[in-house]
Amino acid sequence: MREKEKNPVAVTRSSLPPLEEYVEMLKPLWESAWLTNMGDYHEQLREQLKAYLKAENLELFVNGHMALELALQALELDGEVITTPFSFASTTHAIVRNGLTPVFCDISPIDYTLDADLLESHITERTCAIVPVHVYGNLCDVEKIQKIADRYGLKVIYDAAHAFGETLDGRGVAEFGDVSMFSFHATKVFHSIEGGAAAYREPALGHRLYQLKNFGIMDSETVEYVGANGKMNEFQAAMGLCNLRHLEQEIKKREKLAQRYRERLQDVAGIRLCPKNSRVCSNYAYMPVVFDGYKRDRDQVFEELAKNDIHARKYFYPCINSYTCYRGQFDEQDTPVAARIARQVLTLPLYADLEPEVVDRICDIILE
Ligand SMILES: *Cc1c(COP(=O)(O)O)cnc(C)c1O
């Protein structure tokens with residue numbers, strides 16, 4: 001048996017700036033005692049992210065989920081929302097928690113994003129919006145989706161939690177759709193411990209987003225909306241500002257590791273990797289690998305890695321339309337590609353400080 005890892009390897013590990021850098025950022029907070037409610041760091045981060053994401057309009061939130069949930073509320077939607085079952089719980093929960101009805105469209109067997117060719121067949125008189133996901137940072141077919149949305153007068157809200165900073169032909173992902181939600185959770189490529197943002201096209205939406213994250217309060221005597229508490233605090237914003245300084249380096253490290261995985265795994269029969277899209281500048285957020293006709297199935301590879309204290313993740317498994325909380329409402333077999341990929345996919349460890357030798361060891365275990 002192979003020698004056990006000295007330290008367990010998780011699927012991801014949060015990036016942290018040098019401690020002194022963060023501590024330095026905290027000093028002004030002790031002086032001003034302004035800890036949350038849109039302070040200086042909140043505004044600085046918002047401005048820097050607008051530039052980084054090439055977003056004309058952007059609001060910060062306490063996390064990505066609140067950004068998505070409140071963006072859907074701000075758009076004042078009613079009826080059915082077409083989305084993908086191959087995502088994190090947040091995507092569908094945000095729809096359902098707004099009193100909207102999710103309608104699941106199957107995914108592309110190539111890049112696992114919502115299959116735009118199937119989109120139209122799900123549109124009914126009650127359809128009001130589409131919520132596609134740039135899953136693993138693979139960008140959706142934004143052009144085709146927009147064309148269909150325009151034809152039927154539908155809003156498009158991207159779950160861009162995985163696509164931070166990515167570009168398509170040099171255009172920032174935030175430029176597509178009516179709203180794009182980004183997550184700055186500790187496990188994401190860029191993080192503010194917890195955090196998130198909604199980039200949006202229509203400037204008028206900004207007022208509503210701002211109010212909705214602050215209980216719908218207009219002024220001291222007027223409460224205009226049934227809002228929530230979705231505000232990002234100053235400690236989060238400070239972490240975001242620190243991490244943004246190191247982000248390019250982190251992405252370069254991820255790229256090297258992803259390339260190393262690719263070299264080892266790309267030409268193996270029964271193993272499929274996402275194809276590279278030459279139009280996209282990637283952030284190398286995830287390393288999803290699909291085992292389809294390989295000598296061992298996904299669960300066997302998962303177990304073998306776990307025995308070696310390497311913890312890959314069945315991400316995304318199960319599909320959202322087979323969750324216990326949605327039991328009896330949907331049929332996973334209506335989205336057969338998503339159902340199959342969910343059983344075959346394994347997301348391998350990938351983070352900036354992962355040692356290249358560990359990537360080699362992971363590949364050895366998979367291939368042996
Ligand atoms: C992380 C994530 C979210 C939620 O973001 P949080 O910041 O954790 O609330 C939503 N959708 C997807 C696809 C995600 O990966």
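Between the alpha-carbon centres of the range 82-110 and the range 163-208 there is a gap of 18 Å. When both the range 259-274 and the range 292-346 are represented by their alpha-carbon centers, they are found 19 Å apart.
The mean sequence distance of close C-alpha pairs (under 8 Å, at least 6 residues apart), as a share of the length of the range 19-241, puts its relative contact order at 27 percent.
A 1.4 Å probe, protein heavy atoms only, puts the accessible area of residue 272 near 80 Å².
Computed over protein heavy atoms with a 1.4 Å probe, the carbon and sulfur contribution to the accessible area of the range 246-367 reaches 45%. Atom-type composition of the exposed protein surface of the range 12-158 places 52 percent of the accessible area on carbon and sulfur (1.4 angstrom probe). Across the protein chains, with a 1.4 Å probe defining accessible surface, the residues 188, 50, 295, 144 rank 295, 144, 50, 188 from largest area downward. I need the shape label for the range 73-142. Rule: rounded when a/c is under 1.5, else prolate if a/b > b/c, else oblate, with a, b, c from the alpha carbon gyration tensor. Oblate.
In this view, the solvent-accessible surface of residue 152, computed with a 1.4 Å probe and all protein chains in place, comes to about 100 Å².
These residues, 87, 121, go from largest to smallest accessible area, 1.4 Å probe, as 121, 87. Element breakdown for the range 168-244 at a 1.4 angstrom probe: carbon and sulfur atoms account for 53% of the accessible area.
Packing order of peptides 227-235, 354-362, highest average first: 227-235, 354-362 (average count of other Cβ atoms within 10 Å over each peptide's residues). Per the Kirkwood definition applied to all pairs of different Cα atoms, how many angstroms is the hydrodynamic radius of the range 246-367? When all Cα pairs of the range 246-367 are included, the Kirkwood radius is 15.6 Å. Accessible-area rank, largest first, for 54, 155: 54, 155, with all protein chains present and a 1.4 angstrom probe. Distances between placed amide hydrogens fall under 5 Å for residue 166 paired with 173, all partners being 5 or more residues away or on another chain. Per-residue surface analysis assigns residue 191 an accessible area of about 10 Å², computed on protein heavy atoms at 1.4 Å probe radius.
If both residues of a DSSP beta bridge must be in the range 19-241, then about 55% of such bridges are antiparallel. Cα convex hull, the range 19-241: 117 Å³ per residue, rounded to a whole number. Over the chain, accessible surface divided per residue gives 45 Å², non-protein components excluded, 1.4 Å probe. Look at where the Cα atoms of the range 1-71 and of the range 236-252 average out, and the two centres are 8 Å apart.
The values are calculated or read from the model by the stated rules, or taken from the named source; none is laboratory data. Note that the coordinates shown come from a computational prediction; the quantities given were computed from them, not determined experimentally. Positions of Cβ are generated from backbone atoms using ideal geometry, with glycine treated the same way; all protein chains shown enter the neighbour counts. Areas reflect the complete protein model, heavy atoms only, side chains present, ligands, DNA and RNA absent. Shrake-Rupley method; radii C 1.70, N 1.55, O 1.52, S 1.80 Å.
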